[in-house]
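Below is one structure, written out as structure tokens; comments come after it.
The numbers here are math on the coordinates, done by the rules we state, and not lab data. As the structure is a prediction and not an experimental result, all values here were calculated from the model. Using ideal geometry, Cβ is built from the backbone for each residue, glycine included, and neighbour counts are taken over all protein chains shown.
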Amino acid sequence: MVQALSSVSALQSAAAPSIERVQDPASDFSSWLGQALQPAREAQAAAQAESIGLLTGQATSVHQVVLAAEKADLALQMTVQIRNKALDAYNEIMRMQL
């Protein structure tokens, strides 16, 4: 009987997910948000570098410059749409009655 109880408690401890305590959820979210925005920042920096290269005569292809600018524009539009969806979700939660 004791052996059966010890095996049950061993199964429960093995089945229970390990929960890690987050020290500061705000900093965790801000680091996640910074990582999510990194591709948009990189696209903007690439577009700026291509534009400067075109202005200084280093870039030979106008097509590459326009392509980099469009990629940066799409990344910005996506970021704005994600922000809008997050704000819509927040406003919807705030409208909920308890």
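Each part gets one Cα centre, and for the range 23-67 versus the range 84-98 those centres are 30 Å apart. Gain on full extension, evaluated as 0.36 nm per residue between Ala49 and Leu87 minus their Cα-Cα distance, stands at 10.5 nm. Counting neighbouring beta carbons within 10 Å and listing from fewest to most, the residues Glu70, Glu92, Glu50 come out as Glu92, Glu70, Glu50. Taking the fewest neighbouring Cβ atoms within 10 Å as the starting point, the ordered list for Lys85, Lys71 is Lys85, Lys71.
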